[in-house]
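Engineer: What follows is a single structure, and I will ask about it in a moment.
The values are calculated or read from the model by the stated rules, or taken from the named source; none is laboratory data. Computed from a predicted structure; not experimentally measured. Positions of Cβ are backbone-derived with ideal geometry, glycine not excepted, and every protein chain shown enters the neighbour counts. The protein model used for the area step is the full one, side chains on, heavy atoms only, and it has no ligands, DNA or RNA in it. Shrake-Rupley method; radii C 1.70, N 1.55, O 1.52, S 1.80 Å.
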Amino acid sequence: MAGHIPEETIDEIRKSNDIVDVVGEYVQLKKQGRNYFGLCPFHGENTPSFSVSPDKQIFHCFGCGKGGNAITFLMELEGYEFLQAVKHLADKVGYQLPDEVTINQEVASPRNEEAQKILEAHQWLSKLYHHLLKHTKEGKEGLEYLLNRGFTEEMIDHFHLGYAPNSKDFVVRFLEKKGYHPQLMVKAGLLSSNESGDYSDRFRGRVIFPIRNHLGKTVAFGGRAIHDQEPKYLNSPETELFHKGRLLYNFDLARSAIRKQGAIILFEGYVDVISAFQAGVHNGVGTLGTSITEHQANLIRRYVEQAIICYDGDRPGIEASLKAARLLRKAGCTVKLARLPDGMDPDDYIKVNGAEKFQREVLGASDTYLAFIMRHLRKEYNLNLEGDRIAYVERVVKEVATLDHAIEREHYLKELANEFELSLDTLKQEVSEHRRRSGIPAKEAQRTRQSNVRSERIMENRLLPAFHNAERALIAYMLKNPQVADKVQAELGGGFNISEHQVIVTYLYAYFEEGNEPDVSHFVERLSEPDLKNLVIKLAMMPVHSEISEREINDYIRLIRAEQSDKMDIKSLEEEQKQAEQQNDPIKAAEIAMKIIQMRRQLRSSQ
């Protein structure tokens with residue numbers, strides 16, 4: 001597939017993109033020594049075992065074993081074809097690909113042609129709705145509505161807000177002229193149809209909020225009625241492109257601010273997100289009016305550790321806040337919850353009290369998870385009644401038991417003990433019992449095992465046979481140094497004992513013979529097998545010295561040859577044993593069998 005673009009071009013595009021920047025758009029990375037570490041986006045974990053090497057321009061997960069370069073990272077995570085990943089990287093650095101590639105390989109996360117047409121139709125409609133809002137008579141009432149709601153022209157442009165004209169067929173005709181069949185557009189959630197087979201704009205007469213995926217492509221719309229239409233808010237239905245539980249509104253625009261500030265603000269809907277942005281809160285995202293999902297919680301944790309939930313101040317908003325908080329904490333986030341006066345949403349509060357007060361007294365004064373729970377539970381119980389006091393304490397103790405840190409648990413237990421004149425030891429016993437019944441100690445032990453994953457990988461190396469470690473170390477040096485590869489090729493050729501190693505060195509010899517410089521990120525593109533790619537990345541990430549002496553190389557080669565020699569000796573003895581059995585000489589066959597057993601024992605002890 002790479003033949004569609006010259007290999008030198010692909011190599012230039014890859015080298016123009018720092019893998020730390022590419023991966024950093026999906027994972028919160030922290031520098032440790034020469035490499036960067038974060039939570040692996042390919043499997044669930046609470047302790048970072050995912051490593052990115054800026055020197056080698058590769059990534060490797062010590063947990064699940066996945067590895068590769070910037071291109072393979074995008075292919076794995078986004079589901080891109082090879083050329084789609086290359087074009088994505090080219091677009092990032094402003095590299096102009098040949099026209100035929102741009103035309104034939106337009107980036108589209110969904111791979112089929114129908115999904116591509118639906119994606120294109122969304123982009124066209126997003127532009128049309130915005131143009132109608134800003135520059136036509138039909139859009140005037142939509143524009144006035146937004147301005148009266150406090151949205152500035154700048155915000156309208158920034159979020160590309162629009163207006164769908166109150167006409168049944170205007171958008172239908174527009175899409176047909178662009179070559180999109182109405183039936184497909186119904187499937188895309190852009191048009192509606194009735195029993196008579198008539199088509200109409202699903203969002204007609206509404207202000208439009210484009211909903212983009214994390215790459216900035218519009219994949220759905222939210223429509224807000226400005227007259228007496230029902231429902232007041234209307235979102236696109238779920239489609240191949242749009243899954244509410246997998247997207248966060250404004251995530252594409254907020255991502256850099258989230259990373260910069262080290263926190264994310266979670267709102268319920270797009271109006272709150274835009275209003276908060278206008279108030280100076282640029283790291284806000286919305287859950288599109290639905291309760292947060294586990295997928296969204298894991299997505300947030302990959303990017304950032306701290307999350308502040310700012311939902312509506314009414315009872316449903318509080319219940320949704322608590323549910324979101326539990327999911328985010330399960331994903332490994334530190335959670336705070338903002339408090340709004342009962343009946344107010346963030347947009348209302350900002351309009352009444354202003355941006356500064358919202359940032360200071362709502363977001364800045366956010367409660368910790370447990371403080372919010374305790375405040376919420378107090379409203380459910382009459383603490384003047386003994387039964388209610390006991391029930392309240394039991395509920396709080398149960399929540400305290402879920403806290404990870406012992407200091408935090410003790411802090412809240414002391415609060416309870418002092419307020420209700422209870423024994424701190426008794427409360428601690430209750431917490432311990434809750435944690436035991438919930439299996440929390442076992443989960444913590446699992447997290448400890450995960451956190452030790454890197455040291456376990458080192459132990460794995462120690463447990464491997466000596467010849468196996470020798471082959472791994474030799475390949476690690478060969479990947480860095482063509483002179484080492486030349487010497488090994490002359491001495492050993494493809495004579496490695498492990499079949500995967502034989503394949504890798506065969507490719508590596510050819511790679512260097514073509515005059516290529518040592519570049520693991522480039523070399524892995526030669527390998528078609530994902531398992532081989534992952535193994536090469538794993539070997540490239542091995543901690544080896546910058547230089548290797550002639551003596552070390554010879555020692556590694558000696559160990560590899562010794563394994564081959566011993567195996568050949570055993571094979572020869574097995575042939576002799578077979579002949580002795582055929583000649584009906586059981587004594588000689590038994591003597592040979594004993595020799596084979598001894599040789600195998602010696603082999604195991606030397607390993």
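Engineer: For the range 459-522, which GluC sites (Glu not before Pro) are both in a DSSP coil and crowded by at most 16 other Cβ atoms within 10 Å?
Structural biologist: On the way: sites: 460, 471, 491, 500, 513, 514; in loops: 514.
Of the GluC sites (Glu not before Pro), the ones in loops of the range 459-522 whose Cβ has at most 16 other Cβ atoms within 10 Å are 514.
Engineer: May I ask you to give the solvent-accessible area per residue for the range 202-264, in square angstrom, as obtained with a 1.4 angstrom probe? Spell out each step's value before the answer.
Structural biologist: On the way: 2580 Å² over 63 residues.
Value returned for the range 202-264: 41 Å² of accessible area per residue.
Engineer: Now, a different point. Just want to confirm a number: the relative contact order over the chain, from Cα pairs under 8 angstrom separated by 6+ residues, in percent. Intermediate values should be presented prior to the final figure.
Structural biologist: Values: 827 pairs, mean separation 59.6, N = 607.
This gives 10 percent for the chain.
Engineer: Residues in the range 476-501 near a label at residue 531, defined as backbone nitrogen under 16 Å from the 7 Å Cα→Cβ point?
Structural biologist: Flagged as within label range: 498-501.
Engineer: Have a look at the DSSP beta bridges in the chain and tell me what percent are antiparallel, nearest 5.
Structural biologist: Values: 31 of 42 bridges.
That works out to approximately 75 percent antiparallel.
Engineer: Suppose a student asked you for the relative contact order of the range 112-235, using Cα pairs under 8 Å spaced at least 6 residues apart; what percent would you report? Please report the intermediate quantities before stating the final value.
Structural biologist: Numbers: 178 pairs, mean separation 29.6, N = 124.
Worked out over the range 112-235, it gives 24 percent.
Engineer: Computed FRET efficiency, Cβ-Cβ of residue 186 and residue 246, R0 30 Å: what is it to the nearest 0.05?
Structural biologist: Numbers: r = 22 Å, r/R0 = 0.75.
Between residue 186 and residue 246 the formula returns 0.85.
Engineer: Further question: Rule-of-thumb check for the range 380-438: C-alpha Rg over 2.2 N^0.38 Å?
Structural biologist: On the way: Rg = 11.2 Å, N = 59, 2.2 N^0.38 = 10.4 Å.
That works out to 1.08 for the range 380-438.
Engineer: How long are the three semi-axes of the equivalent ellipsoid for the chain, computed from the Cα gyration tensor as the root of 5 times each eigenvalue, in whole Å, largest first? Working shown, then result.
Structural biologist: On the way: eigenvalues 618, 282, 86 Å².
In descending order the semi-axes read 56, 38, 21 Å.
Engineer: I've got another one for you. Could you give the C-alpha radius of gyration of the range 176-335 expressed as a fraction of 2.2 N^0.38 Å, taking N as the number of residues it contains? Each step should come with its number before you reach the end.
Structural biologist: Numbers: Rg = 17.1 Å, N = 160, 2.2 N^0.38 = 15.1 Å.
Dividing the Cα Rg of the range 176-335 by 2.2 N^0.38 Å gives 1.13.
Engineer: Looking at the range 203-289, which GluC sites (Glu not before Pro) are in a loop (DSSP not H, G, I, E or B) and have at most 13 other Cβ atoms within 10 Å?
Structural biologist: Details: sites: 238, 240, 268; in loops: 238, 240, 268.
Qualifying residues, ordered by number: 238.
Engineer: Still on this structure: Multiply the residue gap between residue 499 and residue 157 by 0.36 nm, knock off their C-alpha separation, and tell me the result in nm, one decimal place. Present the calculation step by step, with values, prior to reporting the outcome.
Structural biologist: On the way: separation 342, 0.36 × 342 = 123.12 nm, distance 5.87 nm.
In short, 117.3 nm is gained.
Engineer: Which of the residue pairs 31/260; 232/323; 15/92; 351/379 have a Cα-Cα distance greater than 19 Å in the structure shown? Kindly include the intermediate steps, with their values, before the conclusion.
Structural biologist: Values: 31/260 15 Å; 232/323 25 Å; 15/92 12 Å; 351/379 27 Å.
Result: 232/323; 351/379 exceed 19 Å.
Engineer: What figure in square angstrom, to the nearest 10, would you give for the accessible area of residue 275 with a 1.4 Å probe?
Structural biologist: Result for residue 275: roughly 10 Å² accessible.
Engineer: On to the next question. For residue 66, what accessible area in Å² do you get when you roll a 1.4 Å probe over the heavy atoms of the protein chains, rounding to the nearest 10?
Structural biologist: About 60 Å², rounded to the nearest 10.
Engineer: Could you work out, for the range 124-205, what percent of all Cα-Cα pairs fall into each 10 Å distance bin, beginning at 0 Å and stopping at the bin that holds the largest distance?
Structural biologist: 18, 47, 26, 8, 0
Engineer: Here is a follow-up. Positive end of the dipole of the range 466-528, charges at C-beta (+1 Lys, Arg; -1 Asp, Glu), about the Cα centre: which of 493, 516, 467 has its Cα farthest in that direction?
Structural biologist: The residue sitting most towards the positive pole is 467.
Engineer: Over the range 466-597, give the accessible area per residue in Å² for a 1.4 Å probe, as an integer. Walk me through the intermediate numbers first.
Structural biologist: Numbers: 6990 Å² over 132 residues.
Per residue, the range 466-597 has 53 Å² of solvent-accessible surface.
Engineer: Something else about it: Specify, per residue and in Å³, the volume enclosed by the convex hull of the alpha carbon atoms belonging to the range 236-322. Walk me through the intermediate numbers first.
Structural biologist: Values: hull volume 8.7 nm³, N = 87.
Per residue, the Cα convex hull of the range 236-322 comes to 100 Å³.
Engineer: Between residue 360 and residue 506, with labels modelled 7 Å along Cα→Cβ, what's the label distance in nm to one decimal, could you check?
Structural biologist: My value for the distance between the label points is 7.2 nm.
Engineer: Let me ask something else about it. Compute the orientation-averaged projected area for the range 251-374 from the convex hull of its Cα atoms and round it to one decimal in nm².
Structural biologist: In nm², the orientation-averaged hull projection of the range 251-374 is 6.5.
Engineer: Continuing with the same structure: Below 8 Å, C-alpha to C-alpha, sequence gap of six or more: please give me the relative contact order for the range 171-234 in percent. Each step should come with its number before you reach the end.
Structural biologist: Values: 73 pairs, mean separation 12.7, N = 64.
Normalised by residue count, the contact order of the range 171-234 is 20 percent.
Engineer: If r is the Cβ-Cβ distance from residue 315 to residue 513 and R0 is 41 Å, what FRET efficiency results, to the nearest 0.05? Provide the component values of the computation, followed by the final result.
Structural biologist: Working: r = 72 Å, r/R0 = 1.75.
After rounding, the FRET efficiency stands at 0.05.
Engineer: Report, to one decimal in Å, the Kirkwood hydrodynamic radius for the range 7-101 based on all distinct Cα pairs. Walk me through the numbers before you get to the answer.
Structural biologist: Numbers: mean 1/r = 0.0729 Å⁻¹.
Its Kirkwood hydrodynamic radius stands at 13.7 Å.
Engineer: Per 0.36 nm of contour for each residue apart, how much would the distance between residue 113 and residue 391 grow if the chain were fully extended, relative to their Cα-Cα spacing?
Structural biologist: Working: separation 278, 0.36 × 278 = 100.08 nm, distance 5.88 nm.
The span from residue 113 to residue 391 would gain 94.2 nm if fully extended.
Engineer: Here's another thing I want to ask about it. Kindly report, to the nearest 10 Å², the accessible surface of residue 72 as traced by a 1.4 Å probe over protein heavy atoms only.
Structural biologist: 10
Engineer: If you don't mind, there's one more thing I want to ask. Where the accessible area of the chain is counted over protein heavy atoms with a 1.4 Å probe, how much of it, in %, is carbon and sulfur? Let's see the in-between values first.
Structural biologist: Values: 14230 of 30000 Å².
Exposed carbon and sulfur together represent 47 percent of the surface.
Engineer: Continuing with this model, one more query. Quick check for you: which residues of the range 206-224 have the amide N under 20 Å from the point 7 Å beyond the Cα of residue 166 toward its beta carbon?
Structural biologist: Zone members listed by number: 206-209, 222-224.
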